[in-house]
Structures are given as C-alpha cells and as structure tokens.
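K.L.:
Handing you this structure, nothing more for now.
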Amino acid sequence: MKTRIGNQNLVVTNNWSICLLFSLVFAFTFMLNAEAILYDFNNGKSDGWTVFAGTWEVKDGEYHMPKEVNAAPYPLTFALDGKEFGEFTIEAKVRNDKFHSSMNQSHDGFAFGIDSKASGYVLYFRHHKGLTGAGGSLVLRWMVENVKGGFSPNADVAEGADVFDTMDEGKWHVLKAEVSDKNKTLKAWVDGKQAIDIKLDKAVSGKVGLWAADIGAASFDDISINGTGIPATDVQPNSKLSTKWGSIKAEY
C-alpha cells in the first residue's frame, strides 16, 4: 500500500523490525549531536577535568578522591576544562568510600558557579554517623573562598534531610541538579526523588565540577552534563553506551 504525501511516495510496511532499527539510529544520532557530555572514565583517563585542589585519580573506571581531608583547600576539580556555564543539568553517581578517621561526617558532591577566587555553591551529601538527624542529608552551601575554607554566616542555603541512612558507606547514590542562572533556580534529586527546589540570590554562572570535605575518600562515576553551549561527547569505544548500542545492532 502506498500513501501520497506531497510529491513523495511513502511505502507503508509491516516490517516493524526495520522501523524500530531506523528509530534507534535516529535516537542514537540525536544523542551524539545533543549538547551533552558524558564522563564514564572507562578509558582510565580524566580528560576534560582540571584539578584545583586535592588529589584526584581514575581507578577501575571511576573518578576517585582517595586522600583524607578535613581542612582547606578542600578537594575541588572542574569539568569541561574549567570553562564557565550557567544553564545546565549535571548528574552523577556518588559514593562515600570512607569516613574521616577523626570526623563523624563526610561530604561529597557538586560545585557550580565557582568564580576566579574559588567562591561559589557546593551541593553535597552530608554523610554522618548518627550525630544529627535520622539520616544523611543533601546540603546546598555558599562557599566564600575554597583556598581559605571560609563560609558566609548563613552558609547553608538549603537542606534536603534524611535522603539516606546514617553510617552510609560504600553505597552509590545518584545526585542530579538542574541549575539556571537566568531564572536563579536550583532543583536537585537524590536517587530519583526531589530533595531541593529553591530560588537563589547569587549568580550561578561559573565553573562546574566536584567537591569534597571532611572526608576519608569518595568516588564519582557516570557524570553527565548537558546544557546550552556544552559540547557533545563522542561515544568512547569502551563506554557503556557504545557497548549497549553494539548489542542492539547485533540483533538486526
């Protein structure tokens, strides 16, 4: 059967396998051309990351902050070669590997809106050993200057309480944040559940990356960042995405 559309002929077929394959090809092409970047560290490298403070390394396909720290400058590393962005969504798997030997808390998460003086926002998991509250929380804090470790008098801007259990160690959690400098807003999710949704009173355009403090060790993986002006990532030969795509192609 043929259906006339303008001056073109569209052949309608019952071969759903061919239709599905073309749909997958389109979706895959769209992903490659979307303004998004993925860091999965499966190639053993941290290309695109600029370390500002602390020790950061790639091990076993994950990005690690392996050394114990509880004083400024706190570990801070920038994605996207340290370029500045103000409209983006960032998502990552985050794991508290070890509590600090003398501290009862550990902090690990995102940094954004970081300026030339290393001031800006940090959005992080506050893991603890039962000191306060029923469980670990997600905290948004304004950092005055990371090299000195100073914080404003009202440093904690917002907190999503009890997002996971106390004594949380060695478990992956997915942290996602949607940041808009234009609208001065931040929305954040933990393991798919919204934890923070607020208006901000400071600019959020700046460097984007990862931050940790008062911690024994932490790990990050599968970090995706998408937004205006963020370059698309080619699928790495050994990445999870290319492996999945290869298995799909093998079926046809």
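K.L.:
Which FRET efficiency value, to the nearest 0.05, do you get for ALA72 and THR228 by plugging their Cβ-Cβ distance into 1/(1 + (r/R0)^6) with R0 = 30 Å?
P.N.:
0.40
K.L.:
Another one. Say each of SER101 and ASP162 gets a label point 7 Å from the Cα, pointing the same way as Cα to Cβ; how far apart are those two points in nm?
P.N.:
Output for this residue pair reads 3.5 nm.
K.L.:
Binning at 5 angstrom from zero up to the longest distance, how are the C-alpha pair distances of the range 116-215 distributed in percent?
P.N.:
Result, from short to long distances: 3, 12, 22, 25, 20, 13, 5, 1 percent.
K.L.:
What residues have an amide H closer than 5 Å to that of ALA232, excluding those fewer than 5 places away on the same chain, when H is modeled at 1.01 Å from N in the peptide plane?
P.N.:
Correct list: ALA36.
K.L.:
Could you please put VAL204, VAL144 in sequence from largest to smallest accessible area, using a 1.4 Å probe?
P.N.:
Sorted by accessible area, descending: VAL144, VAL204.
K.L.:
Let me ask something additional. If you take every residue apart from ASP156 with its C-beta less than 13 Å away from the C-beta of ASP156, what net charge results, scoring Lys and Arg +1 and Asp and Glu -1?
P.N.:
Details: positive: ARG126, ARG141; negative: GLU159.
So the surrounding residues net to +1.
K.L.:
Here is a further query. If I model a spin label at LYS202 and ASP47 as a point 7 Å from the Cα along the Cα→Cβ vector, what separation in nanometres do I get?
P.N.:
Modelled inter-label distance: 3.4 nm.
K.L.:
Starting from the Cα-Cα distance between ASP115 and THR55, subtract it from 0.36 nm times their residue separation and give me the gain in nm to one decimal.
P.N.:
Details: separation 60, 0.36 × 60 = 21.60 nm, distance 2.06 nm.
The span from ASP115 to THR55 would gain 19.5 nm if fully extended.
K.L.:
Then there is this: Under the rule a/c < 1.5 gives rounded, and otherwise a/b versus b/c splits prolate from oblate, where does the range 30-91 land using the Cα gyration tensor?
P.N.:
oblate
The values are calculated or read from the model by the stated rules, or taken from the named source; none is laboratory data. For clarity, every value in this text was computed on a predicted model and none was experimentally measured. Glycine gets a Cβ as well: all are built from the backbone with ideal geometry, and neighbour counts include every protein chain shown. Quick note on the areas: whole protein, heavy atoms, side chains included, nothing else; ligands and nucleic acids left out. Shrake-Rupley method; radii C 1.70, N 1.55, O 1.52, S 1.80 Å.
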